[in-house]
Amino acid sequence: MSAQFPLFAAEPIWSVAALTHFVRELFDSNPQLQDVSVEGEVSNLTRSAAGHLYFTLRDAQAALSCVVWRADATVLARQPVNGDQVVAFGSVSVYEQSGRYQLYATSVQLAGLGERLRQLEELKRRLAAEGLFDAARKRALPAMPRHIALVTSPRGAAVSDMRRVLARRWPLALVSLLPTVVQGERAPEEIVAALQAANRKHPDVILLARGGGAIEDLWAFNDERVVRAIVASASPVVTGVGHETDVTLADFAADVRAATPSVAAELATPNQNDVRQRLDRSSARLDALMRTALTQRTAALLDALRILQALSPRAQLRATAARLQGLQLRLQRGLQSRLLLQRAHLHRMQQLLLTLGPGPTLARGYAIVTHAASGIVVRQAQAVQPLAQVRVRLAQGSFTAEVREVAAKNG
């Protein structure tokens, strides 16, 4: 016999996704589930590769799945461990993929602080709403501080650690200590007074620090007066409170948060060795640039000097004198060449005259007869009369003769 199931045609049939989504909306729309504090023991704690925390809160009667997203997990004052009795703050909703309701925690504190932790969370939200923790209001630290103020206890490891780091990394800075107590009822008031005193010294940066301790020991750095004094500081503030896992409201308000006092000193100062190396490289580049510029300027100056020297009257006179000397040399060479040509021509003429003159003819036994009175050459016998006086020139010497007879023809 087969089973019979009633049919409810008038009622809608839900899908699993639709029903689960509806239930989630019921959780999300309930104000009482959006800001709850749950106390229990941590178990099954795991951390995902993305940095999210997953764990279960248990008590004697029930268990509750919890999630802390990475953004909140990284700023927890203390990372929970299995077995811790804690108070988790957050909202309750449904994880639809598994159909499981769970607590999405934004803060996890050790149990026992009770109302004090709830007041701290309330103060944190109120100060954040005022913008005191905004990244936009945080200031950059000076690259090379000349004056560093330390606001911390004058005793303990924190001040000696910071002084040691500052002396090693940046000994050029003046370091001023503004002593204050860092825990106890008087601590917030004294920390505020020390921060105000530090600002009156106009340092380049203030280091607010203390060593590690229990959360109660660090409570002064969660005080609203300390937070507002940090925000009001004219100089940038670096906090180094406790250990890496300790986070206070002062850290949220500071311009830079450091994990420890030593790290605060490192973040506030450059490494002198790095600075020296940069200076050496800059000096070498500057020296090369100066040498290049000096060479270029020297060359330009020498060019200008040569131009000025060329345009000066003395230079122009020297140039003119050099041109005149050149012309004089050319003239002398021209005259000498012309004189040599003339001498050569004269010598040729002399040779020609010697060749064409009576000397050679006379040497062959001929003579030149001239009238003794007039010196006219006698070319014909009829040109003289008997008894006339004539002069006879021979190849060597001459003599005077008297014509005895004139013959009209040779023979």
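The values are calculated or read from the model by the stated rules, or taken from the named source; none is laboratory data. Note that the structure is a prediction, hence the values are computed from the model and not measured. No Cβ is skipped: glycine too gets one built from the backbone with ideal geometry, and neighbour counts run over all protein chains shown.
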Review point. From the list LEU53, LEU26, LEU45, which residue is modelled with pLDDT of 90 or more, assigned by TED's automatic domain parsing to the domain that holds LEU76 and closer than 24 Å to LEU120 by Cα?
Key: LEU53
Point to revise | Selected residue (only one of GLU224, GLU244 is surrounded by fewer than 18 Cβ atoms within 10 Å (Cβ to Cβ) and touching a residue at least 40 places away in the same chain (Cβ under 8 Å)) | key: GLU224
Practice item. State whether the residues of the range 269-292 include one that is modelled with pLDDT of 95 or more and in contact with a strand residue (DSSP E or B) (Cβ under 7 Å, 6 or more places away or on another chain). Key: no
Check your understanding: Which one is farthest from ALA232 (Cα to Cα) among residues in the range 161-194 that are part of a helix (DSSP H, G or I) and of a type in the set (Asp, Glu)?
Key -> ASP161
Exercise for review: Name the helices (runs of 4 or more DSSP H) wholly inside the range 221-339 in which the number of residues that are among the hydroxyl-bearing types (Ser, Thr, Tyr) is 3 or more.
Suggested key: 272-311
Point to revise | Of residues in the range 191-216 being crowded, with 18+ Cβ neighbours inside 10 Å and of a type in the set (D, E, K, R), the one modelled with the lowest pLDDT | key: ARG210
Review point. Looking at (1) touching a Ser or Thr at 6+ places or on another chain (Cβ under 9 Å); (2) surrounded by fewer than 18 Cβ atoms within 10 Å (Cβ to Cβ), can you tell me which one VAL151 breaks?
Key: (2)
Practice item. Return the total of residues in the range 198-217 being in contact with a Ser or Thr (Cβ under 9 Å, 6 or more places away or on another chain) and free of Cβ contacts under 8 Å to residues at least 60 places away in the same chain. Key: 11
Exercise for review: Answer yes or no: is there a residue in the range 312-322 that is within 56 Å of the chain's Cα centre (by Cα), loosely packed, with under 10 Cβ neighbours inside 10 Å and not β-branched (Val, Ile, Thr).
Suggested key: yes
**Study point:** Some residue of the range 126-143 being more than 18 Å from ALA254 (Cα to Cα), surrounded by fewer than 16 Cβ atoms within 10 Å (Cβ to Cβ) and among the aliphatic types (A, V, I, L, M)
**Key:** no
Exercise for review: Restricting attention to the range 358-397, report how many residues are surrounded by 14 or more Cβ atoms within 10 Å (Cβ to Cβ) and polar (S, T, N, Q).
Suggested key: 1
Review point. If only one of ASP251, ASP204, ASP246, ASP161 is in contact with a Lys or Arg (Cβ under 9 Å, 6 or more places away or on another chain) and more than 19 Å from LYS124 (Cβ to Cβ), which one is it?
Key: ASP204
Point to revise | Count - residues of the range 340-375 that are in a loop (DSSP other than H, G, I, E, B) and in contact with a helix residue (DSSP H, G or I) (Cβ under 8 Å, 6 or more places away or on another chain) | key: 0
Review point. Taking LEU64, is it under 17 Å from GLN102 (Cβ atoms), touching a helix residue (DSSP H, G or I) at 6+ places or on another chain (Cβ under 8 Å) and either modelled with pLDDT of 90 or more or in the same structural domain as THR106 (by TED's automatic domain parsing) (or both)?
Key: no
Practice item. Kindly indicate whether any position in the range 260-280 is more than 17 Å from TRP170 (Cβ to Cβ), of a type outside the set (Asp, Glu), surrounded by fewer than 19 Cβ atoms within 10 Å (Cβ to Cβ) and without any contact (Cβ under 8 Å) to a residue 40 or more places away in the chain. Key: no
Check your understanding: Here are some conditions: (1) crowded, with 20+ Cβ neighbours inside 10 Å; (2) small (Gly, Ala, Ser); (3) not in a helix (DSSP H, G or I). ALA158 meets all but one. Which one does it not meet?
Key -> (3)
Check your understanding: Yes or no: GLU96 over 20 Å from CYS66 (Cβ atoms), of a type in the set (D, E, K, R) and not assigned by TED's automatic domain parsing to the domain that holds ALA253?
Key -> no
